[in-house]
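This report refers to the structure that appears directly beneath it.
What follows is calculated from the coordinates using simple rules that are stated; it is not laboratory data. Fair warning: this is a prediction, and the values are worked out from it, not measured in the lab. Cβ: placed from backbone, ideal geometry, glycine included. Neighbour counts: every protein chain shown.
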Amino acid sequence: MPCLRPTRNVARSAGSAMLAMLIAVSASAEPLPQGTVSVQVDNAKVIRLPEKTQTVVVGNPMIADITLQKNGVVVLTGKSFGSTNLIALDGKGAMLAESTISVQAPQASIITVQRGLDRESYSCTPNCQPSVQLGDATKYFTETSQQAEQRRTMATGNR
């Protein structure tokens, strides 16, 4: 029976570690500012809603979307370039906060190649590889997306 005690301690330690991580994520979520929140396309940001928030409204979910978590924490995800707004309402419908959400292109590693009127995007980290972005030429976007999907299918074994 001595083997059960270490297993129990490991499980208890793992549970404590998970609880500590959840508390750390909740504590590190930035509060919803009254100004502008910036996020890059295809990236997420963790924000905290005001206390007593019952309803959250995103003006244009095609630009940004949210996923509700526990304890007033939401994950804001940039979907498309542009700006929209996010409104937090209490149980009576009174506005607690409103912020502008600005969704921008990634700046660090994306290189744009212009071939006449056609645009192609590449991620250079450090070698350049195709990386479809909104606004790329239709042919480039379609072919690159199809290749990426075929590669993903092969990697996961789903045929």
Within straight-line cross-link reach of K139, aspartates and glutamates at Cα separation under 17 Å, skipping those fewer than 8 residues along the same chain: D118, E120, E149
Stokes-Einstein D (µm²/s) once Rh is taken as the Kirkwood radius of the range 110-156 over alpha-carbon pairs, at 37 °C in 0.692 mPa s: 293
Percent of beta bridges antiparallel (DSSP, the range 29-104, rounded to nearest 5): 75
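Which whole-number percentage describes the relative contact order of the range 85-133, with Cα contacts under 8 Å and a sequence gap of 6 or more?
Relative contact order of the range 85-133: 21 percent.
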Charge-dipole axis of the range 29-104 as Lys and Arg at +1 and Asp and Glu at -1 on Cβ define it, positive-most pick from A88, G78, T36: A88
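Apply 1/(1 + (r/R0)^6) to the Cβ-Cβ distance of T156 and C128, taking R0 = 22 Å, and write down the FRET efficiency to the nearest 0.05.
0.30
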Interchain or long-range residues, amide H under 5 Å from L96's placed H: A88, L89, D90
Ranked list, fewest to most other Cβ atoms within 10 Å of each Cβ, for L134, L68, L96, L49: L68, L134, L96, L49
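Could you calculate the contour length gain from N85 to T55, that is, 0.36 nm times the residue separation minus the distance between their Cα atoms, to one decimal place in nm?
Values: separation 30, 0.36 × 30 = 10.80 nm, distance 1.39 nm.
Fully extending the segment from N85 to T55 adds 9.4 nm.
Normalised by the residues of the range 29-104, what does the relative contact order come to in percent, with Cα pairs under 8 Å and at least six apart?
Here the relative contact order equals 39 percent.
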